[in-house]
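The values are calculated or read from the model by the stated rules, or taken from the named source; none is laboratory data. This one's a predicted model, so the numbers in the text were calculated from it and none came from an experiment.
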Amino acid sequence: MSPTVTRLTRAHAPRAQARRAVPALATPVEPAATSRAARIRLMLEDRAAVERLARTFKALGDPHRSRLVYALSHEELCVTELAEALGTSLSATSHQLRILRDLDIVRVRRSGKSQLYALNERAFGFCSPRSCHAWKDVLEPGPEQTV
């Protein structure tokens, strides 16, 4: 081996060893990523908000309530109209509406002797039944999805 190659190899050997000695976890983390993670961590510490979200999704997990929400996303309806449209009893429909009202998913408005129910779009944010295609795809199957 020539003396030049030997010197280069020896000169670079300490750097190569130093590079290998640095653990993989010692890579620097960007400050923006850290601040985002901290912000998300603070949001997740709000147990009341997380519990509310869980209760909302649990309520929507019931097919009957999901159908009620989807019907109300089209227009305001009274209990009688909802029960007739869904093919359920007034009692069962009222019970499900009470659950949705307690979670602030639907709102009630008096009109004479009737109570009209409407969807509270704010409760859904970006995934409201009017704007979310997932709701429409599931609850209004296309011709290829019919059984």
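Looking only at the stretch 48-79, residues that are of a type in the set (A, V, I, L, M, F, W, C) and under 18 Å from residue 90 (Cα atoms) come to 7 in all.
Results for (1) under 20 Å from the mean Cα position of the chain (by Cα); (2) of a type in the set (Lys, Arg); (3) in a helix (DSSP H, G or I); (4) modelled with pLDDT of 55 or more, shown as yes or no for each residue.
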{"site": "6", "(1), (2), (3), (4)": "no, no, yes, no"}
{"site": "11", "(1), (2), (3), (4)": "no, no, yes, no"}
{"site": "36", "(1), (2), (3), (4)": "yes, yes, yes, yes"}
{"site": "50", "(1), (2), (3), (4)": "yes, no, yes, yes"}
{"site": "65", "(1), (2), (3), (4)": "yes, yes, yes, yes"}
{"site": "69", "(1), (2), (3), (4)": "yes, no, yes, yes"}
{"site": "80", "(1), (2), (3), (4)": "no, no, yes, yes"}
{"site": "85", "(1), (2), (3), (4)": "no, no, yes, yes"}
{"site": "97", "(1), (2), (3), (4)": "no, no, yes, yes"}
